[in-house]
Amino acid sequence: MSDTPLDRRSVGTLHGVGPQLATKLKKLGLHSVQDLLFHLPLRYIDRTQITPIGGIQPMTEVVIEGEVRASDVVFGRRRSLVCRLQDHSGVVTLRFFHFNRAQQERLKPGARLRCFGEVRRGKSGVELYHPEYQYLDQTNPPQLEDKLTPIYPATEGITQSRIRDLCGQALSLLQNHSIRELLPQGISTDLHQQLAYSLPDALRLLHNPPPGTALNLLAEGEHPAQQRLAAEELIAHNLSLLKLRQKVQQQQAPVLSEDKTAAATFLDKLPFDLTAAQQRVASEISADIGTAIPMLRLVQGDVGSGKTVVAALAAVQAIANGHQVALMAPTEILADQHRINFEQWLRPLGVRLAYLTGKVKGKAREVQLQAIADGAAKMVIGTHALFQETVEFNDLGLSIIDEQHRFGVHQRLALRKKGFSAEGPSLSGPAPHQLIMTATPIPRTLAMSAYADLDCSVIDELPPGRTPVETVVLSNLRRNDVIARVRASCSAGRQAYWVCTLIEESDVLEAQAAEVTAGELQLMLPELSIGLIHGRLKPREKLEIMIAFKAGEIDLLVATTVIEVGVDVPNASLMIIEDSARLGLSQLHQLRGRVGRGSLSSHCVLLYSPPISGNGSARLKIMRETNDGFKIAEKDLELRGPGEVLGTRQTGDMQLHIADLQRDAHMLPQIKNLAQELLLNHPQNVDALISRWLGHSEQYAQA
Ligand code: ADP
Ligand code: MG
């Protein structure tokens, strides 16, 4: 028994764990003794020393000793017992809201106490609310704790002392060989500091920090023992994505050789030249798809940097080699816009398009499905309907996902599985090359961890002649001025967007709000043609409105955030966003990206209703200061944290236990190298690492 590795030793073998407790522990995901060891304290309290009363600080937990000097029942909003406790260095107030007569009797002047509690700033200076206390017998004072006290994550039906006891038992079973060290000695890395602790030592310290351990480092997650585990966790995540990549790349992709003639024909018809950045990224893609290893590439570029045409160039190369291309957009509006562009671009090359979204039904759908299946349609454009349905491709060579930020990591993996790639029982089947385009830049550190399975290209240049959008932040009280501005702009022949936002996740309410606003604006601007678009409209209606707006038949388009991504109407040069402080930075940046797409100088008005939160005002300030999507993305990460920025909070993607992408960003480059080295030189540790840290997230481990 004593030799059983701790990951295979059940919690049921510990003292005091009967079937009932074992069931509770299982509910918490604590099955093995090793699981307990990885169940780390959230924080620690220090009962190892007595703090002089004169030196206590609000927001800390302290042990103090002193003599009661006064004790009174105070009648305020709530009745409380208030004692003044004094030592040689100062006085502090102890406040009790619940007390009985016996307590009141004993807590009288002259009593000597030792108290433990959290210091707050109260009515009478610093106070301790409901401290734990004991009477001091001066000749025989009670022992202080000799170590810091760990506080574990709240566990329903299991007390702190029980979980402490169990973790203590687990620690006593922890021998150096009873838990597998998966980061081998001697791997070359710069993470010396992070790897200074062995795994058992790190676990011992974190469950049981000796007195004098830097509590501030522990609280920040910066202690080397925590960093040791965080590094291992990040490596495990990275490995899971690398494994995924490896698995895909073991398949064969069609070789799509460069076709200079086809590319030239396509480029000649474009009304502009590619920017240097577009050319560079296009040739990276061209080289990738020219080999039999499936491409897995992410193209990042700021809003309006011209990603679509780069994707089209890749499509041309695939089609010139006789293969099909699928392009998936996140919304119908965007899919339709791509359809129009690609028809225009590819018609001169004699390419037939198929179009498939949820709105294509009945006979029309069958025709499209048939053309996709028999290979008559080389270019296939649609929404996620492309993946969901029983769409059969004849010979898919390249799949392109546009505006990837709408899809979380999990979804991306699921799409890849469900979708066209021939993953599944046979790994020998052909796999298409994959191109993924983001809508907004992703901070470098996040890209490095969340997209470790992808190569990354960056279009870091905007087409020439764009004037940056000028952004102003205005209170709702200035609404009339803003309306005057819309009038002036539209009567000069330009177009504008008016975006209504609503925090509620309700299509209905949002649509209603947009309708009301459109009505109001029409009353105030009777001379303008005003259109309304929102998520409740039928796809057909939405498209008709977009077509009319594009054709200039609508001057002012009142919209919900349905127009957030991709919509491209270069003549629109004014964007009003209502209640803008509600939106996140990347969403604001996306919306603002709908203007400034032509050579007209463009403006964005961010309206807010006072009062505005500190965070909201910080966001609007950044929007006013910069148009650079990469900078905005970094700020967004700072303000909202990685889960929100990746849009994956709900889906629970990349659930990190100990690591924090932001705090630990500095180690990510080395993590990436280490993961690669492990995969290459220590492949036997890889699956164990993934299952230790990602456990049941099969998507990562097995997708
Ligand atoms: P995004 O990167 O946001 O998807 P788009 O691909 O929609 O951007 O391109 C934005 C606009 O810029 C489109 O109207 C497109 O035709 C135009 N465009 C793209 N590349 C260039 C270029 N090199 N020169 C001028 N205009 C360009
Ligand atoms: Mg786009």
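Per the Kirkwood formula on distinct C-alpha pairs, the Rh of segment 254-377 is how many angstrom?
15.5 Å
By the gyration tensor of its Cα atoms, with a ≥ b ≥ c the square roots of the eigenvalues, what is the shape of segment 507-581: rounded for a/c under 1.5, prolate for a/b over b/c, or oblate?
rounded
Under a cut-off of 16 Å between alpha-carbon atoms, report the aspartates and glutamates in cross-link reach of Lys363, not counting same-chain residues fewer than 8 places apart.
Output for Lys363: Glu389.
Helix-only mean residue ellipticity at 222 nm, the chain, DSSP H runs n ≥ 4 weighted -39,500 (n - 2.57), per residue, nearest 500. What is it? Before the final figure, lay out the partial values.
On the way: 25 runs with 271 residues, N = 703.
Calculated mean residue ellipticity at 222 nm is -11500 deg cm²/dmol.
Rounding to the nearest 10 and keeping the result within 0 to 90°, find how far the Cα-based axis of helix 614-625 lies from the longest principal axis of the chain.
40 degrees
What do you get for the angle between helix 683-694 and the principal long axis of the chain? Use alpha-carbon atoms, 0 to 90 degrees, nearest ten.
70 degrees
Would you mind working out the accessible area per residue for the chain, using a 1.4 Å probe, and quoting it in Å²?
45 Å²
Tell me, which longest segment in the chain has none of the GluC sites (Glu not before Pro) that fall in DSSP loops with at most 12 further Cβ atoms within 10 Å?
The segment 157-391 is the longest one with no such site.
Report the net charge of residues surrounding Leu600, where surrounding means a beta-carbon distance below 10 angstrom and charges are Lys +1, Arg +1, Asp -1, Glu -1.
+3
How many nm separate the modelled label positions at Ala276 and Asp481, each set 7 Å beyond the Cα in the direction of the Cβ?
Each label point is offset 7 Å from its Cα along the Cβ direction, giving 4.1 nm.
Rounded to the nearest angstrom and ordered from largest down, what semi-axes does the equivalent ellipsoid of segment 49-144 get from its C-alpha gyration tensor (root of 5λ)?
Its equivalent ellipsoid spans semi-axes of 20, 17, 11 Å.
Could you bin all the Cα-Cα distances of segment 470-626 into 10 Å bins starting at 0 and give me the percent of pairs in each, rounded to whole numbers?
Bins of 10 Å from zero give 11, 44, 38, 7, 0 percent of pairs.
In whole Å, how far is the Cα centre of segment 20-78 from that of segment 236-270?
Each part's Cα centre sits 55 Å from the other's.
Please compute the Kirkwood hydrodynamic radius of segment 260-459 from all pairs of different C-alpha atoms, in Å with one decimal.
It works out to 17.0 Å.
How tilted is helix 629-640 with respect to the longest principal axis of the chain? Cα atoms for both, answer in degrees (0 to 90, nearest 10).
On a 0 to 90 degree scale, this one is about 30.
Report, to one decimal in Å, the Kirkwood hydrodynamic radius for segment 330-377 based on all distinct Cα pairs.
Answer for segment 330-377: a Kirkwood hydrodynamic radius of 11.4 Å.
I need two numbers for segment 136-276: Rg to one decimal and Dmax as a whole number, Cα atoms only, in Å.
Radius of gyration, then largest Cα-Cα span, for segment 136-276: 27.1, 98 Å.
Under a Cβ-Cβ cut-off of 12 Å, what is the net charge of the residues other than Leu678 that fall near it, where Lys and Arg count +1 and Asp and Glu count -1?
-1
Can you give me the % of accessible surface on the chain that is carbon or sulfur? Probe 1.4 Å, all protein chains present, nothing else counted.
49 percent
How large is the charge dipole for segment 470-626, taken about the Cα centre, if only the Cβ atoms of Lys, Arg (+1) and Asp, Glu (-1) carry charge, to the nearest 20 debye?
For this selection, approximately 400 debye.
Can you list the lysines whose alpha carbon is less than 17 Å from that of Lys359, not counting same-chain residues fewer than 8 positions off?
Answer for Lys359, where 17 Å is the Cα cut-off: Lys538, Lys542, listed by chain and number.
Normalise the Debye intensity by I(0) for the chain, one equal point scatterer per Cα, no solvent, then take log10 at q = 0.06, 0.11 Å⁻¹ and round to two decimals.
-0.49, -1.18
Straight-line reach only, C-alpha to C-alpha below 22 angstrom: list the lysines that Lys672 could link to, leaving out same-chain residues fewer than 8 apart.
Of all the lysines, those that pass the test against Lys672 - Cα under 22 Å, at least 8 places apart if same chain - are Lys243, Lys247.
Which of the chymotrypsin sites (Phe, Trp or Tyr not before Pro) found in segment 68-150 are in a DSSP loop and have at most 12 neighbouring Cβ atoms, other than their own, within 10 Å?
Phe97
The values are calculated or read from the model by the stated rules, or taken from the named source; none is laboratory data. Predicted model, so just to flag it, every value in this text is computed and none were measured. Neighbour counts run over all protein chains shown; Cβ positions are idealised from the backbone, glycine included. Just the protein is used for accessible areas: all its heavy atoms, side chains included, with ligands, DNA and RNA removed. Shrake-Rupley method; radii C 1.70, N 1.55, O 1.52, S 1.80 Å.
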